[in-house]
1. Go through (1) on the phi > 0 side of the Ramachandran plot; (2) at pLDDT 90 or above for residue 87 and report which single condition fails.
2. Just to be sure, is residue 77 under 30 Å from residue 120 (Cβ atoms), at pLDDT below 85 and of a type in the set (A, V, I, L, M, F, W, C)?
3. Could you tell me which of the residues 94, 19 is without any contact (Cβ under 8 Å) to a residue 40 or more places away in the chain and surrounded by fewer than 13 Cβ atoms within 10 Å (Cβ to Cβ)?
4. Scan region 55-92 residue by residue and report those that are within 21 Å of the chain's Cα centre (by Cα) and hydrophobic (A, V, I, L, M, F, W, C).
5. How many of the residues in region 32-47 are in a loop (DSSP other than H, G, I, E, B), touching a Phe, Trp or Tyr at 6+ places or on another chain (Cβ under 7 Å) and either of a type in the set (Lys, Arg) or under 11 Å from residue 17 (Cα atoms) (or both)?
6. Would a scan of region 34-44 turn up a residue that is surrounded by 13 or more Cβ atoms within 10 Å (Cβ to Cβ) and β-branched (Val, Ile, Thr)?
7. List every residue pair whose Cβ atoms sit under 8 Å apart, with the two residues 6 or more apart in sequence or on different chains, where the first one lies in region 105-124 and is closer than 18 Å to residue 81 by Cβ and the second, anywhere, is assigned to a helix (DSSP H, G or I) and of a type in the set (Ser, Thr, Tyr).
8. Checking the conditions here, which among 97, 25 is part of a loop (DSSP other than H, G, I, E, B) and either at pLDDT 85 or above or more than 23 Å from the chain's Cα centre (by Cα) (or both)?
Amino acid sequence: MKINLECKNPDCDRFEKIKKIDSANSFCGSCGQKLVHCCKRCHKPLDDVTVDMCDECKEERKNQTAQENIMEALAACYDKCLNGIPKVSPSVEKMANDYLKKYKDKDKACKAMLNSQIVKCTTSGFLTGFGGLITLPVSVPANIGSVKCE
């Protein structure tokens, strides 16, 4: 197994340059100092040769990946909003043009489109929250009980 080793001598021309080698008992070819197993991102020395990053860098990388995934999901949603979903919803441009054809006045077309969207959003919000109404008699006493226990 190859591990990341680097020279920790600040005066060496190979200072903090990663070298992947098979043995943990290697020395720097420039200054002769023993090479140290380090994190490949922050160069912090590591005790465990089976890992290539410190815990902090792993956590940072995980958070960065999570943020990238969220941004990709938001970009996909934004794209669907603008361009529509085939056989489900039209693009914003097509929907706007349809309303402009129905209503000769742009203000009336805008108001009609907004009212239609508000009705759709309100209906879907009501329907998705309806299950909460059914579970309300159980959830409220449970919530009150948890407050009294604290």
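1. All conditions pass for residue 87, except number (2).
2. No: the conditions fail for residue 77.
3. Going through 94, 19 in turn, just one is without any contact (Cβ under 8 Å) to a residue 40 or more places away in the chain and surrounded by fewer than 13 Cβ atoms within 10 Å (Cβ to Cβ): 94.
4. Matches in region 55-92: 57, 66, 70, 71, 73, 74, 75, 76, 77, 81.
5. 1
6. yes
7. The qualifying pairs are 110/99; 113/99.
8. Answer to the check: 25.
The values are calculated or read from the model by the stated rules, or taken from the named source; none is laboratory data. Here the structure is a predicted model, which means the values were calculated and not measured. Methodologically, a virtual Cβ is constructed for each residue, glycine included, from the backbone with ideal geometry; neighbour enumeration extends over all protein chains shown.
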